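Taking it in order: structure first as structure tokens, then the write-up.
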């Protein structure tokens, strides 16, 4: 249901994207949209004149992608028919991609209130959209958004949390100034390049199984660049869990009270990583108390209305030996299930309640 994939290994994943035969840049006519299936909303097939579009690339396993979802939903609701947002799922690694994406989108409910589709891999393993949009524009990380102006041309390319509100507001109101936006884009590009320079040697050590060395490099980088901790914290947490679990749990608690205290998705992700414990390398001494703390905060942030988060919280209590509490919370999770969620998700949560009741 939830992969617990905290590691930001996108750099390695994107290495498999084929090189584009031409460069796609701001000012160019937007390429066509070609997807395998629309899983939410009506299909977005053309760029109608007079409307602004956001084509955003994301993946279910990518925690930073998940944090942008409420932001995109807010923009979609603010501008309604004046701005159309399409989230394109790319670079998925699940055995059944359609099932995984459909399940995730259903679990988000109205918190993901825009059009969503799955990339077309019928002709290329990396996906048609990934190749002809992302790779063509030399984009090497997700989430990434392409903003299309009212004439069907690319007005902006960048991270969905960087200036997207202002850009869409200006395009809708016909006051967009590309020069000032380009200056900010160049500044952020330079920042991203610096960040990648810091991360690349860390990823290389991890791929070689040298997790302690990778953590040392990352700690040195953070000591010199403390302002980048919000971007690098998930990677540091994963390295700590691989090398020094007690420090990892302490760092998770710190993040839950500081940088990520308002990020329900991230908190749930980490809690599930601890409780489910299937992501290699497996944890040796899962700290269920920490998982409870994180999942409880995530449940509070979502007003106890997200059954998948309540499922995590209940499972954490169960693993911690608190069976009665687990049953009470899981019953609430089951009560919140509805037909908008995939059948296998509903079955998994319901079956877990049966297991709690049957197995002391």
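The values are calculated or read from the model by the stated rules, or taken from the named source; none is laboratory data. Keep in mind the model is a prediction, meaning the values are calculated, not measured. Cβ coordinates were reconstructed from backbone atoms using ideal geometry, including for glycine residues, and neighbour counts include every protein chain displayed.
Quick notes on this one:
- Options 177, 163, 169; residue that is on the phi > 0 side of the Ramachandran plot and modelled with pLDDT under 95: 163
- Residue match in the stretch 329-344 (condition: out of contact with any helix residue (DSSP H, G or I) (no Cβ under 8 Å at 6 or more places or on another chain) and either within 30 Å of residue 212 (Cβ to Cβ) or in contact (Cβ under 8 Å) with a residue 60 or more places away in the chain (or both)): no
- If you check 183, 204 for being without any contact (Cβ under 8 Å) to a residue 60 or more places away in the chain, surrounded by fewer than 12 Cβ atoms within 10 Å (Cβ to Cβ), part of a helix (DSSP H, G or I) and not assigned by TED's automatic domain parsing to the domain that holds residue 75, only one passes: 183.
- Search result, residues across the stretch 125-151 that are at positive phi and out of contact with any strand residue (DSSP E or B) (no Cβ under 6 Å at 6 or more places or on another chain): 138
- The helices (runs of 4 or more DSSP H) found entirely in the stretch 248-353 that carry 3 or more residues being more than 30 Å from residue 207 (Cβ to Cβ) are 288-301, 307-319, 323-336.
- Of the listed requirements (1) buried (at least 20 other Cβ atoms within 10 Å of the Cβ); (2) more than 21 Å from residue 69 (Cα to Cα), residue 235 misses just one: (2).
- Members of the stretch 301-325 that are within 18 Å of residue 257 (Cβ to Cβ) and modelled with pLDDT of 95 or more: 313, 316
- Some residue of the stretch 272-285 being crowded, with 16+ Cβ neighbours inside 10 Å and more than 21 Å from the chain's Cα centre (by Cα): yes
- Annotation: of all residues in the stretch 45-62 being buried (at least 20 other Cβ atoms within 10 Å of the Cβ) and farther than 20 Å from residue 95 by Cβ, the one that is nearest to the chain's Cα centre (by Cα) is 57.
- Any hit, the stretch 99-114, residues being surrounded by 18 or more Cβ atoms within 10 Å (Cβ to Cβ), modelled with pLDDT of 95 or more and either assigned by TED's automatic domain parsing to the domain that holds residue 170 or part of a loop (DSSP other than H, G, I, E, B) (or both): yes
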